[in-house]
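*Asks:* Shown below is the structure under consideration.
The values are calculated or read from the model by the stated rules, or taken from the named source; none is laboratory data. Since the model is a prediction, treat every value here as computed from it, not as a measurement. We place every Cβ from the backbone using ideal geometry, glycine too, and count neighbours over all the protein chains shown. Ligands, DNA and RNA are excluded from the accessible area calculation, which covers all protein heavy atoms including side chains. Shrake-Rupley method; radii C 1.70, N 1.55, O 1.52, S 1.80 Å.
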Amino acid sequence: METKSINELQDEIVEDFSMYDDWNDKYEYLIEFGKTLPKLDEEYKTDENRIHGCQSRVWLNAQMIDGKVIFEADSDAIITKGIVGLLVSVLSGHTPKEIAESDLYFIGKIGLQEHLSPTRANGLLSMIKKMKTYGIAFQAK
Amino acid sequence: MFDIEKIRADFPILNEPIRGKKLVYLDNAASTQKPQVVIDAEKYFYEHQYANIHRGVHYLSQIGTDLYEGVRKQIQLFINAKHEYEIIYTKGTTNAINLVAYTFGRKFINKGDEIVITEMEHHSNIVPWQILCEEKKCILKVIPMQEDGSILLEDARKIITPKTKLVSTFYVSNALGTINPVKELIRIAHENDAKILLDAAQAIQHYPIDVQELDVDFLVFSGHKIYGPTGTGILYAKEQLLNQMPPYEGGGDMIKTVSFEKTVYNDLPFKFEAGTPNIAGCIALGTAIKYVQDLGIKNIMKYEAELFKYATKKLKAIEGLKIYGTSKNKSCVISFLLEGIHPYDVGVILDNSGIAIRTGHHCAQPVMDHYHIPGTCRASFAFYNTKEEVDVLVTSILKAKKMLS
């Protein structure tokens with residue numbers, strides 16, 4: 001099966017969000033999306049997988065399977081989980097090179113750029129950095 | 001008469017639309033907003049009177065010095081200190097506590113001596129003592145908190161002993177709003193020949209404080225929490241202590257004479273005020289305190305007490321909402337959680353409704369550990385808040401609850 005590119009996946013999210021002009025609906029979407037995401041196995045909720053700098057706890061697990069990076073993430077705050085879930089859905093299943101070189105423009109386009117502020121204390125920025133670092137690290141292997 | 005409409009009109013930011021909504025500012029324990037007179041005071045000083053202070057013979061320097069020293073006098077009277085020179089300008093509460101730890105602590109607290117705090121302190125009243133303990137091998141003792149967020153005086157009596165050199169604790173808890181039994185703690189400390197520092201950062205804007213009546217040794221607070229500029233704060237200490245304490249920072253203004261053989265430190269309060277201070281900020285702090293004095297701290301107390309009672313009643317009535325900190329003696333802070341919902345999520349939804357609250361550990365991680373929670377949502381009130389704003393908060397919490405459950 002042909003997998004969609006990172007940009008195709010981003011564009012789909014942007015299109016989904018374009019239906020909402022109200023913050024209410026956007027957050028409803030994120031919350032519902034967050035709820036549908038599987039919980040990360042407790043064994044992966046390690047300190048090593050923890051993204052620091054978040055008010056809520058966020059974990060990111062990465063594995064290399066058949067040349068693709070598989071991400072799984074979880075958070076105890078549901079809005080944060082929704083946002084990290086979007087990131088996982090865009091980046092997971094791609095090659096390390098694609099991940100390392102990706103330009104994540106969808107966050108700004110769907111009006112969630114404020115969540116990327118380093119002062120926002122939700123650690124989203126550290127999450128993206130960590131995902132890209134995995135991309136770079138797996139390339140080197 | 002407390003004319004709330006007139007008061008609100010004094011604070012320009014309260015009319016600022018936030019995310020297209022009317023701002024409901026309930027993060028006053030983190031910092032209070034500034035009335036126009038405070039903003040104007042700082043601006044006026046820079047536009048018409050600015051120069052560096054002290055030792056200047058020229059006109060502007062003298063005006064600046066008079067204004068800056070006038071505020072010191074004003075603050076002396078505000079907290080009823082015995083002498084003007086017992087008022088030391090600092091950058092804020094944190095800076096003031098560190099000053100005491102670095103000077104009084106280093107000189108008078110030695111190996112095996114004990115420092116007593118409570119489980120509910122702000123990190124700024126924990127970490128400076130930990131640093132000191134590491135250096136001097138002294139011991140940090142903690143009075144435990146009860147489930148309702150208060151301490152027991154019998155615990156205090158056990159933990160504060162003749163080994164105690166300093167008790168350092170809050171007047172009002174920033175995380176839970178608990179009011180400490182400060183008079184009793186001061187008495188217990190003194191019975192054991194210990195000194196006591198009161199962190200009044202959350203009290204100075206709500207209650208009248210008389211340092212002589214309290215007989216407190218050190219009292220610290222921040223300017224920005226009493227409607228003044230950021231980067232201003234006060235350390236009050238008894239004259240005798242200040243004279244015994246070594247200086248904090250070395251530099252200009254804190255010396256009488258400097259030579260390579262011997263430097264003689266300046267008199268109080270300048271011994272503790274090296275370098276060019278936040279002149280404009282301190283002058284505007286004087287304006288802020290005058291604003292509070294003109295409203296009348298007793299009037300403020302009365303208005304806030306009623307608002308707080310109303311807010312507590314309304315929030316309590318929300319199903320699934322639990323208030324943390326339920327001591328009988330509480331100030332303008334309500335820390336809460338919605339059952340099964342992370343405080344961060346609530347904060348995001350309220351933010352989108354134009355409501356500013358704070359979520360997280362409120363720089364009091366031991367309190368959160370005590371309750372085994374990641375943090376709380378904290379609504380904190382000031383005299384410009386209204387019952388209508390409490391109603392907006394309640395409606396938005398109900399909305400957040402619906403969206404997030």
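*Asks:* What's the local net charge at residue A:34, with K and R +1, D and E -1, over the other residues with C-beta under 13 Å away?
*Replies:* After counting each charged neighbour, the total is -1.
*Asks:* Find the accessible area per residue for region A:6-140; the probe is 1.4 Å, ligands and nucleic acids are left out, and the unit is Å².
*Replies:* Result: 48 Å² of accessible area for each residue.
*Asks:* Okay, next question. Chain B: longest stretch without exposed GluC sites (Glu not before Pro) (DSSP loop, at most 15 other Cβ within 10 Å), sites themselves excluded? Each step should come with its number before you reach the end.
*Replies:* On the way: sites that count: B:147, B:249, B:261, B:319, B:339.
Answer from the scan: B:1-146.
*Asks:* Are there residues in region B:315-349 whose accessible area shrinks by at least 10 Å² when all protein chains are included rather than the chain by itself, and which are they (probe 1.4 Å, ligands and nucleic acids not counted)?
*Replies:* In region B:315-349, residues shielded by partner chains: B:342, B:344, B:345, B:348, B:349.
*Asks:* Which length gain, in nm to one decimal place, applies between residue B:146 and residue B:388 when the Cα-Cα distance is subtracted from 0.36 nm times their residue separation?
*Replies:* Difference between extended and current length: 83.8 nm.
*Asks:* Which value, in square angstrom to the nearest 100, describes the accessible area buried between chains A and B on both sides, using a 1.4 angstrom probe?
*Replies:* When A and B are taken together, about 1500 Å² of accessible area is lost.
*Asks:* With the Cα gyration tensor of region B:39-294 in hand, convert its eigenvalues to equivalent ellipsoid semi-axes via √(5λ) and list them largest first in whole Å.
*Replies:* Value: 32, 22, 14 Å, ordered largest first.
*Asks:* Please give the net charge around residue B:168, taking every other residue with its beta carbon less than 12 angstrom from that of residue B:168, where Lys and Arg add +1 and Asp and Glu add -1.
*Replies:* Every neighbour counted, the sum reads -1.
*Asks:* R0 = 51 Å: FRET efficiency of residue B:395 with residue A:44, Cβ-based, nearest 0.05?
*Replies:* Details: r = 39 Å, r/R0 = 0.76.
It comes out at approximately 0.85.
*Asks:* Can you pull the percent of chain A's accessible area that's carbon plus sulfur, 1.4 Å probe, other chains left in place? Could the numbers behind the result be given before it?
*Replies:* Numbers: 3670 of 7270 Å².
C and S fraction of accessible area: 50 percent.
*Asks:* Turning to a different aspect of this structure: Can you tell me the equivalent ellipsoid semi-axes for the protein assembly as shown? Use √(5λ) from the Cα gyration tensor, largest first, whole Å.
*Replies:* 46, 27, 26
*Asks:* Work out the FRET efficiency for residue B:21 and residue B:57 from their Cβ-Cβ distance, taking R0 = 51 Å, and round it to the nearest 0.05.
*Replies:* It comes out at approximately 0.40.
*Asks:* What is the distance in Å between the Cα centroid of region A:16-51 and that of region B:348-397?
*Replies:* A separation of 23 Å, based on Cα centres.
*Asks:* Continuing with the same structure: Using 1/(1 + (r/R0)^6) with R0 = 41 angstrom and r between the beta carbons of residue B:310 and residue A:36, what's the FRET efficiency to the nearest 0.05?
*Replies:* Plugging the Cβ-Cβ distance into 1/(1 + (r/R0)^6) gives 0.55.
*Asks:* Under the 0.36 nm per residue contour assumption, what length would be gained going from the current alpha-carbon distance of residue B:77 and residue B:137 to full extension?
*Replies:* Net length gain for the segment: 17.7 nm.
*Asks:* Label residue B:31 and residue A:89 with points 7 Å out from Cα along Cα→Cβ: what is the distance between them in nm?
*Replies:* 3.7 nm
*Asks:* To the nearest 20 debye, what is the magnitude of the charge dipole of region A:1-66 about its Cα centre, counting +1 on the Cβ of each Lys and Arg and -1 on the Cβ of each Asp and Glu?
*Replies:* On the way: 7 positive and 17 negative charges, 88 e Å.
That gives a dipole near 420 debye.
*Asks:* Around residue B:256, with a cut-off of 13 angstrom between Cβ atoms, what is the net charge of the other residues, counting Lys and Arg +1 and Asp and Glu -1?
*Replies:* For residues surrounding residue B:256, the net value is +1.
*Asks:* What is the spin-label model distance, in nm, from residue B:43 to residue A:113 if the labels are put 7 Å beyond Cα along the C-beta direction?
*Replies:* The two pseudo-label positions are separated by 2.9 nm.
*Asks:* Between region B:154-182 and region B:232-280, what is the C-alpha centre distance in whole Å?
*Replies:* 29 Å
*Asks:* Among B:318, B:250, B:222, whose Cα projects farthest towards the positive end of the dipole of the protein assembly as shown, with charges put on the beta-carbon of Lys, Arg (+1) and Asp, Glu (-1)?
*Replies:* B:250
*Asks:* For chain B, modelled as a Gaussian network with Cα springs under 10 Å, which listed residue fluctuates most, B:221, B:272, B:260?
*Replies:* B:260
*Asks:* Just grab the label-to-label distance for residue B:249 and residue B:213, each label 7 Å out from Cα along the Cβ direction, in nm (one decimal).
*Replies:* Each label point is offset 7 Å from its Cα along the Cβ direction, giving 3.5 nm.
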